[in-house]
Amino acid sequence: MLTVDTVSSLRALVARARGENKKVALVPTMGNLHDGHISLIHCAKQRADFVVASIFVNPLQFGANEDLANYPRTPDADREKLVNAGCDVLFAPAVEQIYPDGMLNQAIVSVPNVSEGLCGAIRLGHFDGMATVVTKLLNIVQPDVAVFGEKDYQQLAVVRSMVRDLNMVTDVVGAPTIRAADGLALSSRNVYLSDHERSVAPVLYACLKQTAASIQAEGRVTERQLIECHQRISDAGFQLEYFEVRNAQDLKPLTSSDTHFVILVAARIGKTRLIDNLTVDLRPSKRSPEEQHP
Ligand code: PAF
């Protein structure tokens, strides 16, 4: 695996791969790689011949009171994991390479509707910063395929919407969430959890599953299903930001005709903010949530 830190050297490598008629995939990350990220590399390798991973802790998507300075950075371990996963190129630029004129002089990509509400209402400016850096990465690499984790469900919806709106040529692929044995979704931020916090954290997935099973059984979403989980999550010691069911495609609030749902949760425990989600598809001929999320 080659590691490059400049846009021009990355472009040269991608051009060479293109010259060899290779299909190119991009896996954007912020590093501190875990099995969830590695599953994105595997997904990319199934769809392309030349896989580029990026590691860039993007300051533009962090709010003033967020964890930019402390965000876990593990470059040596990350490189080893990418080599073992069969990644072809690691792009690990410095901030100046991505924002040469500074972040204040940077054109910003803002995706309406799907960026608003949920995390967008709490992490103000986050999705603009994320969409801006993803646009840059997609323009630098111009990949055939870009792979994102379904764990960041709203992020994936924002990227899909942006790619559609801006006529970008890349095919955006969502890869399933990878979980610990007790159900906790793998996340770089899990390293912040104390032993006690880690022991109660699986309540989030348990509540998603409880609600999914209830929606399946009742054929609809009810206020009671949500209130039960609000209580259960608070009782476990979390400060709940949201536990909501939305339309799985556009994340809009539900209407009576919706049959494809996503249950989304964001909650804080101690200094850690965790998010997770689970889809429920009641459209005829669709599989149960357990089959969708083994
Ligand atoms: O999901 C992430 O790790 C980041 O938001 C991304 C997509 C790499 C953009 O910085």
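The values are calculated or read from the model by the stated rules, or taken from the named source; none is laboratory data. Keep in mind the model is a prediction, meaning the values are calculated, not measured. Cβ atoms come from the backbone with ideal geometry, glycine included; neighbour counts cover every protein chain shown. Accessible surface areas use protein heavy atoms only, side chains included; no ligands, DNA or RNA. Shrake-Rupley method; radii C 1.70, N 1.55, O 1.52, S 1.80 Å.
Solvent-accessible area assigned to carbon and sulfur over the chain amounts to 50 percent, based on a 1.4 Å probe.
In summary, the aspartates and glutamates within cross-link reach of LYS81, defined as a Cα separation below 19 angstrom excluding same-chain residues under 8 places away, comprise ASP5, ASP35, ASP49. Along the stretch 255-269 the Karplus relation, 6.51 cos²θ - 1.76 cosθ + 1.60 evaluated at θ = phi - 60°, assigns HN-Hα couplings of 10, 5, 8, 5, 10, 10, 10, 10, 9, 10, 10, 9, 8, 10, 9 Hz to successive residues, with x for each Gly and Pro. Between LEU124 and SER199, the simple label model (points 7 Å from Cα in the Cβ direction) yields a spacing of 3.9 nm. If R0 equals 30 Å, the separation of the Cβ atoms of ARG268 and ASP49 corresponds to a calculated FRET efficiency of about 0.10. Of all DSSP beta bridges in the stretch 107-262, what percent run antiparallel (nearest 5)? For the stretch 107-262, the DSSP antiparallel bridge percentage is about 45.
Of the listed residues GLU150, GLU228, the order by accessible area with a 1.4 Å probe, largest first, is GLU228, GLU150. Mean residue ellipticity, 222 nm, helices only, the chain: the sum of -39500 (n - 2.57) across DSSP H runs of n ≥ 4, divided by residue count and rounded to 500, is -11500 deg cm²/dmol. Over all pairs of different C-alpha atoms, the stretch 1-134 has a mean inverse distance whose reciprocal, the Kirkwood radius, equals 16.0 Å. Largest GNM mean-square fluctuation across ASP101, ASP171, ASP49, computed for the chain with C-alpha springs under 10 Å, falls on ASP101.
Across the protein chains, with a 1.4 Å probe defining accessible surface, the residues MET103, MET30 rank MET103, MET30 from largest area downward. DSSP finds beta bridges in the chain, and of those with both partners inside it, around 50 percent are antiparallel.
With R₀ set to 41 Å, the beta-carbon distance separating ILE227 from SER110 gives a calculated FRET efficiency near 0.75.
For the pair ASP5 and GLN239 in one chain, pulling the backbone fully straight at 0.36 nm per residue adds 80.3 nm over the alpha carbon distance. Extending 7 Å from Cα along the Cβ direction at LYS209 and again at LYS286 yields two label points whose distance is 2.0 nm. Kindly report the accessible area of the chain per residue (heavy atoms of protein chains, probe 1.4 Å, no ligands, DNA or RNA), in Å². On a per-residue basis, 47 Å².
Within the chain, CYS43, CYS87, CYS119 have no other Cys Cβ under 4.7 Å of their Cβ and so lack a disulfide-compatible partner by this rule.
Where the alpha-carbon atoms of the chain are placed on the principal axes, they occupy 56, 42, 38 Å, in descending order. With contacts taken as Cα pairs under 8 Å at a separation of at least 6 residues, the stretch 181-266 carries a relative contact order of 23 percent. Across the stretch 58-140, the convex hull enclosing all Cα atoms gives 131 Å³ per residue.
Both radii come from the Cα set of the stretch 167-294: Rg as radius of gyration, Rh as Kirkwood radius; their ratio Rg/Rh reads 0.98.
Label-to-label distance, ASP250 versus LEU166, with points set 7 angstrom from Cα along the beta-carbon direction: 2.2 nm. Taking 0.36 nm per residue of separation and subtracting the Cα-Cα distance, full extension of the segment from ARG189 to ARG18 would add 58.0 nm.
Note on GLN216 and ALA64: with the Förster distance fixed at 51 Å, the Cβ-Cβ geometry gives a FRET efficiency of about 0.75.
For the chain, the relative contact order comes to 16 percent (Cα pairs under 8 Å, sequence separation of at least 6).
In order along the stretch 64-81, the Karplus-derived 3J(HN,Hα) couplings, from 6.51 cos²θ - 1.76 cosθ + 1.60 at θ = phi - 60°, round to 4, 9, 9, 9, 3, 5, 9, 4, x, 10, 9, x, 5, 5, 4, 4, 4, 5 Hz, and Gly and Pro are given as x.
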